[in-house]
Every structure is written in structure tokens, then in C-alpha cells.
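As C-alpha cells, the structure follows; a few thoughts come after it.
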Amino acid sequence: MTPSKPAFLRFNGAVEHDPAIAAWLREHPGELGEIARHSFEAMRACGDEVRELLHDGCPVVCFGDAPFAYVNAFTARVNVGFFRGAALRDPARMLEGAGKFMRHVKLRPGKAANEAALHALIDAAYLHIRDRVENG
């Protein structure tokens, strides 16, 4: 018998555009808010099947009901997180974290980020979860 892939996280209530996320983004002005907005817009643009919801106080994007990324703002940084980040190729070595699945990128105002590498991670996270949902 071939071992099956482990089940993955699913969230109920993801919608095309969640008003709670618009409110969250308005509550985070300034440079940190701009970094969060820019990152979240890149996540939203991954595909027509992208849905979103506020989970644990931060904006999350899903492929259908399967989450693949989130943003969260802190005092001095924004985290762009990936629910299956440990499975992503990261040639620019941006990902941080040591958990079994999740990884994140820390973005700070005034510190240039590797936009191309970040967008590649976002796209890879989307494609990874889409493949898992569609193909098991």
C-alpha cells in the first residue's frame, strides 16, 4: 500500500473579497500598511480561484478553501507567510521558520526586498496548493 499525502488545512468562509480584509488594510496605514497591501495584492492576483478571509487576525488567501499565504503587520515589520512554505524552493533564501510546514518572509520599511524572489514564492505557493487540491 502506498502511503497517502497528509491532509491539509481547509478554512470555511473564504470569499472573493472579504470586507474584513479591506478594514484590516485601512487599520494599517503608513509604510507597514503599504508593504502589507502590496504583498496581499500580489497574492490576490494569483488566479481566479483565489479566495480570502481574515483568520487569526490577519488576511489569508486560499485556493478555494485551502490557504496558501497570509500577511501580518507587526510594530517594525510585515510577515508574508506561506502555509506550506517548507515545501517551496527558495533559491534567494528569504524564508524563515523551522516548523514542519509554515515559513515566512520578514519585510521591513526602508530595507529593499527582493521583489522578484518574493513574487516567485507567492506564485509557487499558489501553484503548490492548487496542484494539491486538484490532484490530491
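Read the figures in this text as sums done on the coordinates, not as results from a lab. Since the model is a prediction, treat every value here as computed from it, not as a measurement. Cβ atoms come from the backbone with ideal geometry, glycine included; neighbour counts cover every protein chain shown.
Just a few scattered comments:
- By the Cα gyration tensor, the chain has an equivalent ellipsoid whose semi-axes, rounded to whole angstrom, run 24, 18, 12 from largest to smallest.
- Note on K111 and D48: the extension gain reaches 19.5 nm, defined as 0.36 nm multiplied by sequence separation minus the Cα-Cα distance.
- Our coupling estimate for the range 11-22, obtained by passing each phi through the Karplus curve with A = 6.51, B = -1.76, C = 1.60 and θ = phi - 60°, is 10, 7, x, 5, 10, 4, 9, 8, x, 5, 6, 4 Hz, Gly and Pro reported as x.
- Sum of side-chain charges, A117 neighbourhood, beta-carbon under 10 Å (Lys, Arg +1; Asp, Glu -1): -1
- Alpha-carbon centroids, the range 99-114 and the range 44-91: separation in whole Å: 12 Å
- Between D56 and A98, the contour length at 0.36 nm per residue exceeds the Cα-Cα span by 13.1 nm.
- Annotation: peptides 31-41, 111-121, 63-73, ranked by per-residue average of other Cβ atoms within 10 Å with the highest first, follow the order 63-73, 31-41, 111-121.
- Using C-alpha pairs under 8 Å with a sequence gap of at least 6, the mean separation divided by the residue count of the chain gives a relative contact order of 22 percent.
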